[in-house]
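Heads up: the structure comes next, in structure tokens.
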Amino acid sequence: MDFLINESQLRVILEQQEPHNLNDDMNVLYSFTKSLVEKAKTIYGINIKLLLTWGAAVGGLVMPLSEFLQTGRFDLTENQQILLLIGAACSFFYDNARVLKSVFKRIKLEGIEEPFKEVLLKGKNLKEAFIKFMVASSVTIGSLLEIMGYAFLIPIITDLENIAYNNGDIEKTAILIAKRLVASGVIVIGQVALSKTITKVLKKLT
């Protein structure tokens, strides 16, 4: 049996869903990225401010790696964990050889190359899985790097699936979701492009 809800009801769900409020999710991801950039400068003197141009997308990919580092299997200090996350973020989102070289040199000096390889592999697997999902959703984006601009979707895929399950009009749902995500002010994708992508993602999920 299909349970359809109207647009006003959907707006209420998107505004009040707890604990996974979409705006809050985006702000958490962006705050994570901002904190990482600030710690890179404060602790290691490395300027990776350019990562902020990716908005919440960096957090979408790197926050799961932070959780991976906190599983207890690694004997690392808090600063070393931060350094590995900086290395991962730069590897996936930062196209600057000088900065990458500086980060990798510091990782080598700290003697944490092996944990970094594990984190990087975990990140690559997550990245590849996300790209495959986007391709399977018929999302056509110019380059792999552009696809990573949508990485903020990674932590909220389940939320999108739940919203789609409770509403029959996928395109209208996608427009409302895109509007709320863009309203957060921390993603770099335009509303029209985002709504089209979310439409394809929702159709894949339903």
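Beta carbons closer than 6 Å, at least 6 apart along the sequence or on distinct chains, pair a first residue in the range 113-141 that is more than 26 Å from Q80 (Cβ to Cβ) with a second that is polar (S, T, N, Q) and surrounded by 15 or more Cβ atoms within 10 Å (Cβ to Cβ) for V139/T197. Identify all residues within the range 52-70 that are over 19 Å from F116 (Cα atoms) and assigned to a helix (DSSP H, G or I); write none if there are none. Passing the criteria: L52, T53, W54, A56, A57. Scanning the range 71-92 for residues that are hydroxyl-bearing (S, T, Y) and in a helix (DSSP H, G or I) yields a count of 1. Taking each residue of the range 56-85 that is closer than 21 Å to K108 by Cβ and looking for partners that are among the polar types (S, T, N, Q) and surrounded by 24 or more Cβ atoms within 10 Å (Cβ to Cβ) with beta-carbon atoms closer than 8 Å, six or more apart or interchain, yields V62/T33.
Name the one entry in K127, K101 that is within 16 Å of the chain's Cα centre (by Cα) and among the charged types (D, E, K, R). Residue meeting the stated conditions: K127.
Residues that are within 24 Å of K127 (Cα to Cα) and charged (D, E, K, R) within the range 143-187 comprise E146, D159, E161, listed in sequence order. The single condition from (1) at pLDDT 85 or above; (2) within 17 Å of the chain's Cα centre (by Cα); (3) assigned to a helix (DSSP H, G or I) that F116 fails is (2).
Among the residues of the range 157-171, just one is modelled with pLDDT of 85 or more and either among the basic types (K, R) or under 22 Å from the mean Cα position of the chain (by Cα) (or both), namely I157.
Conditions tested, residue by residue: (1) over 18 Å from G60 (Cβ atoms); (2) among the acidic types (D, E); (3) part of a helix (DSSP H, G or I).
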site: I154; (1), (2), (3): no, no, yes
site: D159; (1), (2), (3): no, yes, yes
site: L176; (1), (2), (3): yes, no, yes
site: G185; (1), (2), (3): no, no, no
site: V188; (1), (2), (3): no, no, no
site: V192; (1), (2), (3): yes, no, yes
site: K203; (1), (2), (3): yes, no, yes
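Number of residues in the range 161-198 that are closer than 19 Å to K132 by Cβ and surrounded by fewer than 21 Cβ atoms within 10 Å (Cβ to Cβ): the value is 1. Against the criterion of being within 19 Å of V201 (Cβ to Cβ), surrounded by 13 or more Cβ atoms within 10 Å (Cβ to Cβ) and touching a Lys or Arg at 6+ places or on another chain (Cβ under 9 Å), A151 qualifies.
The values are calculated or read from the model by the stated rules, or taken from the named source; none is laboratory data. This is a predicted model, so every value here is computed, not measured. All Cβ positions, even for glycine, are placed from backbone atoms using ideal geometry, and neighbour counts span all protein chains on display.
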